[in-house]
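Everything below concerns the one structure shown next.
Please treat every number below as a calculation from the coordinates, not as lab data. Note that the structure is predicted; figures quoted are calculated from it, not measured. Cβ coordinates were reconstructed from backbone atoms using ideal geometry, including for glycine residues, and neighbour counts include every protein chain displayed.
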Amino acid sequence: MNVKKWLRGLMAAALCIAYVGSAGAAELQKVPTAWMGAQETFPIWYAKQQGWDKEVGLDVEMLYFNSGMDALNTLPAKTWVFGGMGAIPAMIGALRYNTSVIANCNDEAVVNAVMVRPDSPIMATKGYNKSYPNVYGTPESVKGKTVLCTTVSSAHFALSSWLKALGLTDKDVVIKNMDQASALAAFEYGIGDIVTLWAPLTYVGEKRGWKTASTPHDCYEGLPIVIVADSEYADKNPEVTTKFLGIYMRALEMMQKEPLEKLLPEYLRFYVDWAGTDYSADLAELDLKSHPVYNLEQQLQMFDASDGPSLAQSWQGELAQFFAAIGRISQDDLKKIESGSYVTDKFLKLIPASLPSSK
């Protein structure tokens, strides 16, 4: 054998493999996405850790935002094309930024909370309104109080639902707009009378002895966290949109099937690596248990509008009606979005019914 020829052949083969590998990597479709330091981000973070995006030819980029509205404010600059956020920012996105709701992340009706200090007079009365027996407070104990709240968010919806149960509106309190971390820190230092938080900061508040006066669940309200898409991008790129949703659904299915003891270490790592927060195992476990997630089959049922408005559309429509009633959106705005027509299942329907194994 001619050793030199053999070596040249081997080197050529190696270069060919390297070239093909680099070409394959170059073919990955970059997909910028928007997320917060909360439970709905874990599925896509986990999917990226497993390389599921690359398996379908995508390179999902994860951008961090403090709130859904913060993310929406960057959308005109085409900073991202898909994002996880609360139903309220999703509603505003449809109204102002031509976004669509294309899937559900979880339900947060239990873990968005209106919280007060343990000595607050608000906690002295439970069930003032007999229709809401688990809600604390009275008009007299709440009027004029200062509330720390991330406005136009799920936490704001929790606040407004509580006020409505007491026969009040946003105008009856003083609302100080703050991001969640700032609201938590300020309330701890004695600023404000009331704070509205979403998970996992609600658990932190509980650890510090703060009391829950109300949640949307106590007020009989649903509160989904949803995946929002730039409608123009999604419609022009249905294959990318379907692939992105497919890996998210794959992660949700994994979360439903995986034993909690195996899921928990990854969840704790997610909070440290992504959110920069080192939560205790018991708080992380509570966070997982408090967020119901839905697999592809369940999502298709939730988004099915073949016999009238879907459940997902109805949730968004109810939010629009509520915010119009308290003067946060106009009646003209309400007419544009109350049907929830921006909630669509057209991309969910394109996902193969049998997703790849999560293993």
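Quick notes on this one:
- Over all other residues within a Cβ to Cβ distance under 9 Å of Ile225, the charged ones net out to -3, with Lys and Arg as +1 and Asp and Glu as -1.
- Within-10-Å neighbourhood charge of Phe303 [Cβ basis; K, R +1; D, E -1]: 0
- Aspartates and glutamates whose Cα lies under 16 Å from that of Lys54, excluding same-chain neighbours fewer than 8 positions away: Glu27, Glu239
- DSSP-defined antiparallel bridges as percent of all bridges, the stretch 113-214, nearest 5: 55
- Within the chain, helix-based [θ] at 222 nm, where runs of 4 or more DSSP H residues each add -39,500 (n - 2.57), nearest 500: -13000 deg cm²/dmol
- Each Lys and Arg contributes +1 and each Asp and Glu -1, all at the Cβ; summed about the Cα centre of the chain, the dipole is approximately 660 debye.
- The residue among Pro118, Tyr132, Ala185 whose Cα reaches farthest toward the positive pole of the charge dipole of the stretch 113-214, with charges on the beta-carbon of Lys, Arg, Asp and Glu, is Tyr132.
- Extended-chain gain in nm, criterion 0.36 nm per residue less alpha-carbon gap, Ser330 and Lys207: 40.3 nm
- Within the same chain, aspartates and glutamates fewer than 8 places from Lys335 are excluded, and of the rest, those with a Cα less than 14 Å from its Cα are Glu318.
- Förster radius 45 Å - calculated FRET efficiency between Asp273 and Ser306 (Cβ-Cβ, nearest 0.05): 0.65
- Hydrodynamic radius by Kirkwood, which averages 1/r over all alpha carbon pairs of the stretch 113-214, in angstrom: 13.1
- Proximal lysines relative to Lys48, as straight alpha-carbon distance under 29 Å, when same-chain residues fewer than 8 apart are discounted: Lys30, Lys78, Lys236, Lys243, Lys257, Lys262, Lys289, Lys346, Lys349, Lys359
- Of Gly84, Gly222, Gly190, the residue with the greatest mean-square motion in the GNM of the chain, using alpha carbon springs below 10 Å, is Gly190.
- Separation in nanometres of the label points that stand 7 Å from Cα toward Cβ, at Glu261 and Leu288: 1.2
- Taking the chain as a Gaussian network of alpha-carbon nodes connected by springs under 10 Å, the highest mean-square fluctuation of the residues Gly246, Gly37, Gly167 belongs to Gly167.
- Distance in nm between pseudo-label sites at Ala281 and Ala124 (7 Å out along the Cβ direction from Cα): 4.3
- Beta bridge orientation in the chain: antiparallel %, DSSP, nearest 5: 55
- Dipole magnitude of the stretch 33-112, debye to nearest 20 (Cβ charges: Lys/Arg +1, Asp/Glu -1, about Cα centre): 220
- Gyration tensor (alpha-carbon) shape descriptor, the stretch 240-357, a/c threshold 1.5: oblate
- Read-out Rg and Dmax of the Cα atoms in Å, derived from the coordinates shown; its label in [x] 21.9, 75; [y] 23.0, 97; [z] 19.4, 65: [y]
- Between Asn66, Asn237, Asn177, the Gaussian network model of the chain with springs among Cα atoms under 10 angstrom shows the greatest mean-square fluctuation at Asn237.
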